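The values are calculated or read from the model by the stated rules, or taken from the named source; none is laboratory data. Computed from a predicted model, the values in this text were never measured in an experiment. Ideal geometry is used to build each Cβ from the backbone, glycine not excepted, and the neighbour counts take in all protein chains shown.
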């Protein structure tokens, strides 16, 4: 047992009792020490590692405070945390629940896509099987322009740039409005794909503080005063990962800041359709300072790879050239499928259906998690695809992720989204990643039960 107990032990670590506690905690959470296993006496373990019984006692007490160990006078110290919570839970561990991916449901999607694919198969495809003009097929761009206008984006068709997908649109926007070495402001917790684009292209991400309403405008302005900020990457609606929605008043405040500081904003609005109807895209408040970005991958399906940018009139040619340089052109066939789904009304219907499903799942999560004393310690828009759950005292996100993984539940911890420095332990839970409500209910119940055993 001692080999298992002290796996990875560093005798030079200080304070030593925390290093001992860390090793034992890892052994418990990985199942190497089972429920009710008896630990060595204080003096026995102290002799083994060349320490004192007092230090070992401190380590055991630290783990007792986390409900991992329990002890009794004359009985010894035992593992009190059961990774296999119950026989009922064991019976379900063959199921995989990947709640780390934020994705829409595919319920009403398959029939409309099948119908439009059949229509494509019976049409003259020659118009979609060749290279397009630089700006793309005018008829397709007209449909996409009308769809954007229906989302509240006031722009001209010449400003609409079609990209391969949202990630490609993000890359094009960054390359167009910044240069190597520029500082680009990002939310202190943000989508990792943003950080990847910035770092791979030689830009410097600079974290900006968040609160319960999203990015804090005054924090951005103070940063700009110390070091010039060239651009801002903003996810104002259903922010990833925290789930916050920036109110219109905060958007107005932020618009004033970016205008004063001459900061270009990349307004990533792929979750904008999930916000309340009165919430306007940030682009509405600062159209001259903004590049608008959206796609169909979150409101319809990840398989519909099409990203859209709305760019300044004066620089549309630069964006077209960047699309050419990076992917040459998005697939005309896929663009036609997207346009047919839009024109048929399927996109509008599916989008509203996704929003209703997200609302139902948020309500389910609220009902299940309300048993936790810290239920108010999570953030989510009422119809967001995900929620952000802060962990109670005694948990690290890594330890929690490992325990949940032992139950075949995949989550994402705060370190996955942190720009720099330590953040409060938390996990993002995707509520749309399971097709059935019963599976989601089961997964959320497991999350609740694990946390209740530690709180």
(message) Looking for something in a loop (DSSP other than H, G, I, E, B), closer than 24 Å to residue 411 by Cβ and touching a residue at least 24 places away in the same chain (Cβ under 8 Å) - is there at least one such residue anywhere in the stretch 246-268?
(response) no
(request) Would you check if there is a residue in the stretch 376-388 being surrounded by fewer than 16 Cβ atoms within 10 Å (Cβ to Cβ) and within 18 Å of the chain's Cα centre (by Cα)? (result) yes
(message) Looking only at residues that are in contact (Cβ under 8 Å) with a residue 40 or more places away in the chain and surrounded by 14 or more Cβ atoms within 10 Å (Cβ to Cβ) in the stretch 207-227, which one is farthest from the chain's Cα centre (by Cα)?
(response) 221
(message) Against the condition free of Cβ contacts under 8 Å to residues at least 24 places away in the same chain, surrounded by fewer than 23 Cβ atoms within 10 Å (Cβ to Cβ) and under 22 Å from the mean Cα position of the chain (by Cα), how does residue 362 come out, does it pass?
(response) no
(message) Tell me whether the stretch 326-338 contains one or more residues that are outside any strand (DSSP E or B) and under 15 Å from residue 175 (Cα atoms).
(response) yes
(message) When you scan the stretch 289-312, do you find a residue that is in the same structural domain as residue 170 (by TED's automatic domain parsing), part of a helix (DSSP H, G or I) and free of Cβ contacts under 8 Å to residues at least 40 places away in the same chain, even just one?
(response) yes
(request) Test each condition in (1) surrounded by fewer than 15 Cβ atoms within 10 Å (Cβ to Cβ); (2) in contact with a helix residue (DSSP H, G or I) (Cβ under 9 Å, 6 or more places away or on another chain); (3) in a helix (DSSP H, G or I) for residue 347 and report the one that comes out false. (result) (1)
(message) Criterion first (surrounded by fewer than 17 Cβ atoms within 10 Å (Cβ to Cβ), closer than 19 Å to residue 286 by Cα and more than 16 Å from the chain's Cα centre (by Cα)) does residue 249 satisfy it?
(response) yes
(message) Within the stretch 112-203, considering only helices (runs of 4 or more DSSP H) that don't extend past its boundaries, which have at least 2 residues that are loosely packed, with under 14 Cβ neighbours inside 10 Å?
(response) 138-150, 192-200
